[in-house]
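Remarks on the structure that follows.
The values are calculated or read from the model by the stated rules, or taken from the named source; none is laboratory data. For clarity, every value in this text was computed on a predicted model and none was experimentally measured. All Cβ positions, even for glycine, are placed from backbone atoms using ideal geometry, and neighbour counts span all protein chains on display. Surface accessibility is based on the protein's heavy atoms, side chains included, excluding ligands, DNA and RNA. Shrake-Rupley method; radii C 1.70, N 1.55, O 1.52, S 1.80 Å.
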Amino acid sequence: MRKLLSLALLALAGTSVYAGGYRVAMQGQKQLAMGHTGVAVVNSAEVSFFNPAGMAYLENKFNLSVGANALVAKTKFQNSTYNWTASTTNVGTPLEVYATYRLNDWLTAGLSVYTPYGSAVEWDQGWEGAHLVNNIDLQAIFVQPSISVRLGEHFSVGGGPIYAIGKVTFNRDVTMNQAFQSADGTGTNLTIEDSGITAWGYTLGFMFNPTDKMRLGMNYRSEITMEARGGDANFYNVPDFATNDPSFQNTTFNADLPLPAELTVGFSYEVTDKWLVAFDYNYTLWDTYKALDVKFANGSESLNPRNYKNSSTFRIGTQYEANDKFTFRAGWYHDQSPVQDGYFAPETPRNDSMGFTGGLTYQLNQKFGVDFSFLYLHFDQIDNSYDYSTDPISGQPNPSFGGTYKSVVFSPGLGVTYSF
């Protein structure tokens, strides 16, 4: 039953846009429109993700926020030395559901479902970088019950466990050896696949309101390691001379993928009764991602160093309540890539980026509102390579693979809020 629930949730969410690495920074329509700030903002049930401690300050007893985005992520690759070109366009639908309920004056409970990590890239089968990746589809959904405890008028704490559900599909050519390519150029390739992967983590935070106009917030989300065990590893397009080779028989695999811890601090300030500004600083501990190593049941293994570095994101957002019906929002952020020179693999072809966001709420009545958001994410063009792949047949290092990558993302979003 648990696996069935996992598959049902994953079927609802696809993710193909990233912040640094495979982080998907789209956890709420209101807050995304404000540059994805929110650790010190209290304006909807979305606060249960950004900082559960803030749930204690919501005005209404019950709050519900539901939303989703449509994503279009485009990447172009070019190597002018060898006249190689390739491109990939991927579409995703990250979603979020948040609900809070005030049990009494000092205790509020919440439930959050969101998609903080994912990666979907599909290059043409057999392209020049096929020995690194043909396609990848990584999805993770977090289910997070939480509580918020109000300690006096100005301070609260909050947090709760996180139940993570994930799946992965990854395909690449086994070798660059021409003997393993058919006449149409398709190479012998391997698909590893697993679903229903589960793990646990937690989140903690506090919120402090030193004045009636200012809030300070901190939130920590722990590292979670997704452990794929006994997933399927299937070979395709194996040439006749290798069909009896044990190295090319379908088998199972084990692999670990860390979803890194992150710390966010920030503040918000009410410039006037209608105008709010917010700033968030986010630090992600990507250095836990050392390698993507796959160990097969037949005793072979695929070692793929990554050596990510820790990275920061700086976010600014603002909100203006024009009248009882319309509230407008805008924001900007700068997201540093965790990928170091020489480790730029085309499975996550993203560099430093700047996100430009906007949106609005149309309040139909006192209880029901509709949220719109939009994100334009521009990644800095980068000339980089991946230098650490090894041919599993010869055991020798493959040539460095690199070129110029250009990436952009467009994402409109729609959500609804209900409160009483």
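Quick look at the numbers
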| quantity | calculated |
| --- | --- |
| Filter result (open to solvent by less than 20 Å² (accessible area, probe 1.4 Å) and either assigned to a strand (DSSP E or B) or within 30 Å of S419 (Cβ to Cβ) (or both)) within the stretch 385-395 | Y386 |
| The stretch 125-153 residues that are over 30 Å from Q181 (Cα atoms) and in a strand (DSSP E or B), paired with ones that are open to solvent by 30 Å² or more (accessible area, probe 1.4 Å) and acidic (D, E) (beta carbon under 9 Å, 6 or more apart) | R150/D105 |
| Candidate set from the stretch 61-85 (those that are open to solvent by 60 Å² or more (accessible area, probe 1.4 Å), not hydroxyl-bearing (S, T, Y) and not in a strand (DSSP E or B)); member that is nearest to V143 (Cα to Cα) | K61 |
| Hits in the stretch 86-125 (condition: more than 27 Å from the chain's Cα centre (by Cα) and either over 20 Å from M55 (Cα atoms) or open to solvent by less than 30 Å² (accessible area, probe 1.4 Å) (or both)) | T108 |
| Members of the stretch 362-384 that are farther than 28 Å from S80 by Cα, touching a Lys or Arg at 6+ places or on another chain (Cβ under 7 Å) and open to solvent by less than 70 Å² (accessible area, probe 1.4 Å) | Q363, D371 |
| Residue satisfying condition, being assigned to a strand (DSSP E or B) and out of contact with any Gly (no Cβ under 6 Å at 6 or more places or on another chain), within set T225, T211 | T225 |
| Residue ranges of strands (runs of 3 or more DSSP E) in the stretch 257-375 with at least 1 members without any contact (Cβ under 8 Å) to a residue 60 or more places away in the chain and more than 27 Å from A233 (Cα to Cα) | 262-270, 275-284, 311-321, 326-335, 353-363 |
| Search result, residues across the stretch 327-349 that are in contact with a strand residue (DSSP E or B) (Cβ under 7 Å, 6 or more places away or on another chain) and either among the β-branched types (V, I, T) or under 20 Å from P412 (Cβ atoms) (or both) | T327, F328, R329, A330, G331, W332, Y333, D335, T348 |
| Selection count, the stretch 133-169, where residues are of a type in the set (D, E, K, R) and closer than 30 Å to V91 by Cα | 2 |
